[in-house]
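The values are calculated or read from the model by the stated rules, or taken from the named source; none is laboratory data. Just so it is clear, the model here is predicted, and its values are computed rather than measured. For neighbour counting, all protein chains shown are included, and Cβ atoms are generated from backbone atoms with ideal geometry for every residue, glycine included. Heavy atoms of the whole protein, side chains included, go into the accessibility calculation; ligands, DNA and RNA do not. Shrake-Rupley method; radii C 1.70, N 1.55, O 1.52, S 1.80 Å.
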Amino acid sequence: WRTAVSACLLQSVLSAEAMDAEALTMLGIISDVGEDPTAMEEAVATFLTRPHSPSATSVKALECVGHLGLMILHQDLMAAVKDEEETKNRIEKVLSKSPIWKALKSARDSFCEQALQYREATGVSDLFLDLIEAAIRNRYTARYSESGSASFTCLLNRQGHVDSALDAELLVRQIRGVSPNDVETARFCINMGLHFRALCKVIDRLCYSIERDAKIHSSSKTQKEGNKLDLVDKADELSKTIGGLFDKPEAGADLDLSGRMFFRFQSSMKRAEARIISGATSSSAGNVRDDGMGVFRSTPHLVLVLDPTDVFVVKPMAKMEENRGTVLCGISLRSIIAAAADGEWLHVAVRCPDVGSLIKNGNMALKFEAPGTCLIVKQYLDRSREVLRQELMTKVPDLLHSRKTMSSDYKPKE
């Protein structure tokens, strides 16, 4: 916790308006252009590259020191290119000599490689994809434009920045970690791997921005003001795919059923209501045999749409528009825990909030027209879930880059 507090205090010094590169150099926080790294830079690099145990304190300290490293590296880069001469070479020289840049990449690679080792670990392998998905979903927040389209972003200035990190809980040392185990260690490595992956991208964007603006602006003042740290981490396509962050039809949306796999069903509550109505009708009409089939055909039904990544419960529109319907709820296949068939009934356990009469306490009970139809739906669900899981697992190594596959590091453009 002392490391986190110290890093926050140093961030305050770096962000002070009265501090320029000359003052920071005199204080020994950043190195002069062409000189050896300062003791401060070496200390930051040493902390980032040493082993860390999984705990809330470690997470806070790594976030704070990582953000401090970004701020120091930003000052080093801006001081090196202030006269706009040989910008590419100067950027490359700063990065090649900077212990902080090397430490950021080393921390990223180390945490990602450690996380990948848990793919086959006993007690973790079955949960590994869930841990990845949860880390991505917890990290990124949907932000909607005026047109209604969503972008998923993480504000890095809320992770390790002095304005958000230095709180009472940290100062009075109330942060407590859970007992270490393989699951918590895997979760820790995944979260830190994604975090340092994002920090490295911040420096990549900064370097490209400096190089681009050097070709446009001739004023060093204009260039300096235009090259600030971009601390908005936008989820890339890979993160959105594994985390299931894509825009999907919401409740009330119109869904085209053309080309989709779907089956008619009744929910358990609707089925009970239908039996009451049917029973009253049968009593008034005399003794009529009720095997359930007549009830199913005569009462309103819903449609279960089975997509490659999601299932939707849809209320069909008028008969003249049978290929369209209104979405009542949507569930990701990754949120389905298990499905069990019982004759015409399919019971589905899901990680999902209650939705009217459709989902109660994480359970869906669906009545299909025949036991064969119910079995087909179950088999299709099971197969789709496994196919999706295997497909996403093959993408995880691309998300958690190893040293051999990392290619996003800054390289000067010709």
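Residue pairs whose Cβ atoms lie under 8 Å apart, separated by 6 or more positions or on different chains, with the first residue in the stretch 351-378 and in a loop (DSSP other than H, G, I, E, B) and the second among the small types (Gly, Ala, Ser), are Arg351/Ser335; Arg351/Gly362; Cys352/Ser335; Cys352/Gly362; Ser357/Ser267; Ser357/Ser268; Leu358/Ser267; Gly362/Ala349.
Every residue, every condition in (1) of a type outside the set (Phe, Trp, Tyr); (2) modelled with pLDDT of 90 or more; (3) open to solvent by less than 40 Å² (accessible area, probe 1.4 Å), yes or no:
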residue	(1), (2), (3)
Ala274	yes, no, yes
Ser284	yes, no, no
Val295	yes, no, yes
Val314	yes, yes, yes
Met320	yes, no, no
Ala339	yes, yes, yes
Ala349	yes, yes, yes
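Of the candidates Asp76, Asp130, the single residue that is of a type in the set (Asp, Glu), assigned to a helix (DSSP H, G or I) and within 28 Å of Ala7 (Cβ to Cβ) is Asp76. Entry remark, the stretch 315-350: residues being in a strand (DSSP E or B) and farther than 22 Å from Arg385 by Cβ number 5 in total. Each residue in the stretch 353-378 was checked for being in contact with a helix residue (DSSP H, G or I) (Cβ under 6 Å, 6 or more places away or on another chain) and buried (at least 19 other Cβ atoms within 10 Å of the Cβ), and 3 pass. Is there a residue being at pLDDT below 90, open to solvent by 60 Å² or more (accessible area, probe 1.4 Å) and either in contact with a strand residue (DSSP E or B) (Cβ under 6 Å, 6 or more places away or on another chain) or over 22 Å from Phe196 (Cα atoms) (or both) anywhere in the stretch 40-56? No, every residue in the stretch 40-56 fails to be at pLDDT below 90, open to solvent by 60 Å² or more (accessible area, probe 1.4 Å) and either in contact with a strand residue (DSSP E or B) (Cβ under 6 Å, 6 or more places away or on another chain) or over 22 Å from Phe196 (Cα atoms) (or both).
Within the stretch 232-251, which residues are buried (at least 18 other Cβ atoms within 10 Å of the Cβ) and hydrophobic (A, V, I, L, M, F, W, C)? Ala235, Ile242, Leu245 - these are the residues of the stretch 232-251 that are buried (at least 18 other Cβ atoms within 10 Å of the Cβ) and hydrophobic (A, V, I, L, M, F, W, C).
Whether a residue is open to solvent by less than 60 Å² (accessible area, probe 1.4 Å), touching a residue at least 12 places away in the same chain (Cβ under 8 Å), of a type outside the set (Asp, Glu) and not in a helix (DSSP H, G or I) was assessed, and Ala121 passes this test.
Here are some residues: Ser31, Ser96. Which one is polar (S, T, N, Q), at pLDDT below 85 and either crowded, with 22+ Cβ neighbours inside 10 Å or within 33 Å of the chain's Cα centre (by Cα) (or both)?
Ser31
Here Arg90 passes the criteria (1) open to solvent by less than 10 Å² (accessible area, probe 1.4 Å); (2) of a type outside the set (Gly, Ala, Ser); (3) modelled with pLDDT under 90 except the one numbered (1).
Quickly run through the stretch 52-83 and pick out the residues that are within 25 Å of the chain's Cα centre (by Cα) and among the small types (Gly, Ala, Ser). The answer is Ser53, Ser55, Ala56, Ser58, Ala61, Gly66, Gly69. If you take the residues of the stretch 62-75 that are out of contact with any Phe, Trp or Tyr (no Cβ under 7 Å at 6 or more places or on another chain) and open to solvent by less than 20 Å² (accessible area, probe 1.4 Å), which of them is nearest to Asp182 (Cα to Cα)? Ranking the qualifying residues of the stretch 62-75, first place goes to Leu62.
Residue selection: Ser179 satisfies the criterion of being modelled with pLDDT of 55 or more, of a type in the set (Gly, Ala, Ser) and not in a helix (DSSP H, G or I).
Per-residue answers, yes or no, for (1) touching a His at 6+ places or on another chain (Cβ under 8 Å); (2) outside any loop (DSSP other than H, G, I, E, B); (3) within 16 Å of Leu77 (Cα to Cα); (4) not β-branched (Val, Ile, Thr):
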| position | (1), (2), (3), (4) |
| --- | --- |
| Thr3 | no, yes, no, no |
| Ser6 | no, yes, no, yes |
| Leu10 | no, yes, no, yes |
| Leu14 | no, yes, yes, yes |
| Glu17 | no, no, no, yes |
| Leu24 | no, yes, yes, yes |
| Ser31 | no, no, yes, yes |
| Pro37 | no, no, yes, yes |
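Only residues that are buried (at least 17 other Cβ atoms within 10 Å of the Cβ) and within 15 Å of Val377 (Cα to Cα): list them for the stretch 252-269, please. Listed by number, the residues that qualify are Phe262, Phe263, Phe265, Gln266, Ser267.
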